[in-house]
Amino acid sequence: MRFTKTKLGVFFTGAAVAALTACSSDSSSSVDIPEQWDPAPASSEDGATYSSSRNETLDASSSSEVMDSGSEAEKASSSSAEPIANSSSDALAPESSSSAETPPSSSEAVTSSSCESPYLWSDEFEGQTIDTDKWTFEIGTGASGWGNNEWEYYTDRSENAYIKDGVLHIRANKESYEGVSYTSARMITKGKFSFTYGTVEARIALPTGKGIWPAFWMLGENIDQVSWPVCGEIDIIEAVNSENIVYGTNHWQYEGNHAQYGNNTSDFHGAKKELDITQFHTYKFTWDEKLMVMYVDDFKYHEISIEDNAGGTDAFHKPFFFLLNVAVAGNWPGFEVDDSQFPNEMLVDYIRVY
């Protein structure tokens, strides 16, 4: 990626989180975010464009107090980040429907599959091939392994991304290709679809295995103009290694430094969701002028207040686009890879925005 964005490895200490990110080339220093969150309840062809928070492991530094909906003063950890690249994952639960009480307020480059579609945008992956009117492939190894020292080469080949029986498969392979030992795919909607505010619902099954790192995430559409982390990053789903845990994280810039806040399904204010992430689960992300909230099968695992740009969160009031990828190795999952797991796939039944 052009920006060196690092999908920083996420480390959670209690409710505090040092997460991953990936879009900025400037290193950031620790930043303390003052208590300013609303206490109201609520959580490329050249392969060198940008990476997301999945890119670089941030060393946990100081934690900043941030209010999220589940408590009165949760701590958002911030870390020093090396130049970051962008990066930015579960299989059979019944589909759940979500209320669309938060209508999307603005959108850019909106692409709809049908004028009769009930959604602002969606992909049901029902065709024979991936819809290039909706998705672009990022190619290559990226700058510094997409800013996270990842080991895979992203391709646009059917060996790494294909549709079968109405499901998108993003496949990581162990193979010698373009001088590296692993291949995978990274798909984005940048320049084709972005939006501000709304509800995202996706049915996804994630891969697990030593050294594997799948993600479904978002970056600010203005990343080319402002770089990362100014553009903002929203990690709806990230998982690493063989953990049956899903992480949700936000990355942005506060007072000139990288700031981040996240939670996970293992411990959200004392609540825990037992998951087999290799099975399909329904993930939901709701976003309005006040809150960003993430759920899996209606279990809340992340919430953050962005009302009145609390904590410098103005980036989250602008358009964002989607990314889907499966990384191999990197600063967060580490550099031990179990080759017996390959091929290993992330499965996506659908993504819907309304």
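The values are calculated or read from the model by the stated rules, or taken from the named source; none is laboratory data. The structure displayed is predicted, hence computed values, not measured ones. Quick reminder, even Gly has a Cβ in these numbers, built from the backbone with ideal geometry, and neighbours come from all protein chains shown. Remember, those area values only see protein heavy atoms, side chains included, never the ligands or the DNA or RNA. Shrake-Rupley method; radii C 1.70, N 1.55, O 1.52, S 1.80 Å.
Filter segment 174-189 down to the residues that are within 10 Å of Tyr153 (Cα to Cα) and open to solvent by less than 50 Å² (accessible area, probe 1.4 Å) and list them by number. Selection gives Val180, Tyr182, Thr183, Ser184, Ala185, Arg186.
Identify all residues within segment 130-153 that are within 17 Å of the chain's Cα centre (by Cα) and either aromatic (Phe, Trp, Tyr) or within 14 Å of Leu323 (Cα to Cα) (or both); write none if there are none. Matches in segment 130-153: Trp135, Thr136, Phe137, Glu138, Trp146.
In this structure, does Thr208 turn out to be touching a helix residue (DSSP H, G or I) at 6+ places or on another chain (Cβ under 9 Å), open to solvent by 10 Å² or more (accessible area, probe 1.4 Å) and polar (S, T, N, Q)? So Thr208 fits the description; yes. Applying a threshold of 7 Å to beta carbon distances and a minimum spacing of six or more residues, or different chains, the list of pairs starting in segment 131-158 at a residue that is open to solvent by 20 Å² or more (accessible area, probe 1.4 Å) and modelled with pLDDT of 95 or more and ending at one that is part of a loop (DSSP other than H, G, I, E, B) and basic (Lys, Arg) reads Asp133/Lys192; Thr136/Lys190; Thr136/Lys192.
Need a quick list: strands (runs of 3 or more DSSP E) entirely within segment 153-218 having at least 1 residues that are over 21 Å from Val246 (Cα atoms). Give the derivation first.
Numbers: elements: 161-164, 167-177, 180-184, 186-188, 194-196, 198-205.
Per the criteria, 161-164, 167-177, 180-184, 194-196, 198-205.
When segment 301-347 is filtered for residues that are open to solvent by 10 Å² or more (accessible area, probe 1.4 Å) and on the phi > 0 side of the Ramachandran plot, the ones remaining, listed by number, are Asp308, Asn309, Gly312, Gly334.
Can you spot a residue in segment 276-284 that is surrounded by fewer than 17 Cβ atoms within 10 Å (Cβ to Cβ), among the basic types (Lys, Arg) and modelled with pLDDT of 95 or more?
From segment 276-284, those surrounded by fewer than 17 Cβ atoms within 10 Å (Cβ to Cβ) are 276, 279; that's our starting set.
Then keep just the ones that are among the basic types (Lys, Arg); that gives none.
No, because not a single residue in segment 276-284 is surrounded by fewer than 17 Cβ atoms within 10 Å (Cβ to Cβ), among the basic types (Lys, Arg) and modelled with pLDDT of 95 or more.
With respect to Ser340, is the statement that it is among the hydroxyl-bearing types (Ser, Thr, Tyr) and under 30 Å from Ser181 (Cβ atoms) true? Answer is yes for this residue. One residue stands out in segment 218-247 among those that are over 20 Å from Leu324 (Cβ atoms) and of a type in the set (Val, Ile, Thr): the one that is nearest to the chain's Cα centre (by Cα), namely Val230.
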